[in-house]
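Asks: Sharing a structure, written as structure tokens. Questions coming.
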Amino acid sequence: MIIYKKPEDLHNLLEKKKKEKGEIGFVPTMGALHAGHLSLVDAAKKQNKIVVCSIFVNPTQFNDPEDFKKYPVTLEKDILMFEGAGCDVLFIPSVEDIYPNGINDLAHYDLGFLETVLEGKFRPGHFQGVCMVMGRLLEIIFPNNLYIGQKDYQQCMVIKKLVELMGLKNKIKVNICPTLREEDGLAMSSRNTRLLPQDRIKAATISKALRYIKENLKAGETNKIKNEAKEMLLQKGFLIDYVEIANADTLGLIENWDGKKKVVALAAAFLNDVRLIDNMVINT
Ligand code: AMP
């Protein structure tokens with residue numbers, strides 16, 4: 001595995017490699033790796049000649065400065081994990097490399113409705129930050145295939161929209177990979193390491209509440225089942241941002257389900273100062 005820090009060097013290398021070897025798969029991360037991240041590397045390895053991964057804790061996507069400060073950093077372990085998973089090229093840029101003109105006054109992306117609901121509503125500016133970093137990374141790496149996790153359902157939709165806005169829809173394929181979970185159902189996340197031991201036990205309730213919706217949702221009003229799921233979280237001491245059922249393609253919230261439309265149940269909630277998100281698609 002080769003490690004690159006400078007965007008120009010990496011860009012030049014990859015342009016050459018693409019011509020010599022073929023397809024490039026890209027896995028962007030913020031580090032503090034777990035098996036969920038490595039499953040994206042696995043998927044990329046199966047479909048590409050070269051796998052590029054990145055580690056960059058992106059300051060512009062943290063709407064809460066405290067969350068940024070406390071984001072776990074485990075760089076040495078991450079490098080070993082990426083190498084062990086078969087990553088060919090690891091990109092670890094600095095903030096100055098990603099934002100050469102500073103982090104203020106950057107491009108604005110028109111994400112429309114997506115930026116007004118769920119994560120967009122509760123984390124103002126978050127998706128603009130995601131687009132800034134992803135736009136820059138895609139310009140530098142220009143992969144044939146991009147690998148991202150369904151764990152961040154709305155982010156997947158935002159990134160697809162970004163690729164479209166950049167006019168790259170026919171050049172970069174966005175591959176969405178399934179969510180890896182711990183044995184008790186908790187979706188793997190870098191933030192899980194920040195949970196207090198007593199909260200770690202409670203944390204799986206978020207996936208249990210979503211599974212409850214998935215298994216019990218019936219055509220008609222969705223309010224009752226959402227409230228039941230919320231109650232499960234409240235009983236364990238969660239502070240809830242949202243528990244919603246939405247159209248799986250548009251994220252339009254569903255108050256009354258026709259029993260046919262593909263929907264997704266999504267939740268975001270805090271245990272102390274750790275914010276957890278999860279989702280489950282409900283296939284009819
Ligand atoms: P992050 O480092 O949290 O920005 O995540 C980097 C990528 O890994 C994103 O595309 C995430 O959606 C994905 N990811 C995070 N957690 C999981 C998981 N439990 N299973 C699969 N992919 C994940």
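Asks: Need the failing condition index for Ile240 against (1) loosely packed, with under 15 Cβ neighbours inside 10 Å; (2) under 20 Å from Pro124 (Cα atoms), just the number.
Replies: (1)
Asks: State whether the residues of segment 7-19 include one that is within 9 Å of the ligand (Cβ to nearest atom) and crowded, with 19+ Cβ neighbours inside 10 Å. Outline the logic, then answer.
Replies: Step one: of segment 7-19, the residues within 9 Å of the ligand (Cβ to nearest atom) are none.
No, because not a single residue in segment 7-19 is within 9 Å of the ligand (Cβ to nearest atom) and crowded, with 19+ Cβ neighbours inside 10 Å.
Asks: Using the structure shown, decide if Val51 is buried (at least 16 other Cβ atoms within 10 Å of the Cβ) and more than 10 Å from the ligand (Cβ to nearest atom). Before the answer, list the steps.
Replies: On the way: buried (at least 16 other Cβ atoms within 10 Å of the Cβ): yes; more than 10 Å from the ligand (Cβ to nearest atom): yes.
Spelling it out, Val51 is indeed buried (at least 16 other Cβ atoms within 10 Å of the Cβ) and more than 10 Å from the ligand (Cβ to nearest atom).
Asks: Among the residues of segment 243-256, write down those that are more than 18 Å from the chain's Cα centre (by Cα), farther than 27 Å from Leu195 by Cβ and surrounded by 14 or more Cβ atoms within 10 Å (Cβ to Cβ).
Replies: Across segment 243-256, the qualifying residues are Asn247, Leu253, Ile254.
Asks: Of all residues in segment 196-213, which are of a type in the set (A, V, I, L, M), in contact (Cβ under 8 Å) with a residue 60 or more places away in the chain and surrounded by fewer than 19 Cβ atoms within 10 Å (Cβ to Cβ)?
Replies: Start the filter on segment 196-213 by keeping residues that are of a type in the set (A, V, I, L, M), which leaves 196, 201, 203-204, 206, 209-210, 213.
Subset that is in contact (Cβ under 8 Å) with a residue 60 or more places away in the chain: 196, 203, 206, 210, 213.
Passing the criteria: only Leu196.
Asks: Six or more apart or on different chains, Cβ atoms under 6 Å: show the pairs whose first residue is in segment 263-276 and in contact (Cβ under 8 Å) with a residue 12 or more places away in the chain and surrounded by fewer than 22 Cβ atoms within 10 Å (Cβ to Cβ) and whose second is among the basic types (Lys, Arg) and outside any strand (DSSP E or B).
Replies: Val274/Arg191; Val274/Arg194
Asks: Which is outside the structural domain of Lys46 (by TED's automatic domain parsing) and either within 12 Å of the ligand (Cβ to nearest atom) or modelled with pLDDT of 95 or more (or both), of Leu195, Leu138, Leu90, Leu118? It would help to see each step written out before you state the result.
Replies: On the way: Leu138 fails: outside the structural domain of Lys46 (by TED's automatic domain parsing); Leu90 fails: outside the structural domain of Lys46 (by TED's automatic domain parsing); Leu118 fails: outside the structural domain of Lys46 (by TED's automatic domain parsing).
One residue alone meets the criteria, Leu195.
Asks: In a helix (DSSP H, G or I) and either modelled with pLDDT of 95 or more or over 24 Å from the mean Cα position of the chain (by Cα) (or both): does that describe Tyr212? Step through it out loud before you land on a result.
Replies: Values: in a helix (DSSP H, G or I): yes; either modelled with pLDDT of 95 or more or over 24 Å from the mean Cα position of the chain (by Cα) (or both): yes.
Yes.
The values are calculated or read from the model by the stated rules, or taken from the named source; none is laboratory data. Keep in mind that what you see is a predicted model, and the values were worked out from it rather than measured. No Cβ is skipped: glycine too gets one built from the backbone with ideal geometry, and neighbour counts run over all protein chains shown.
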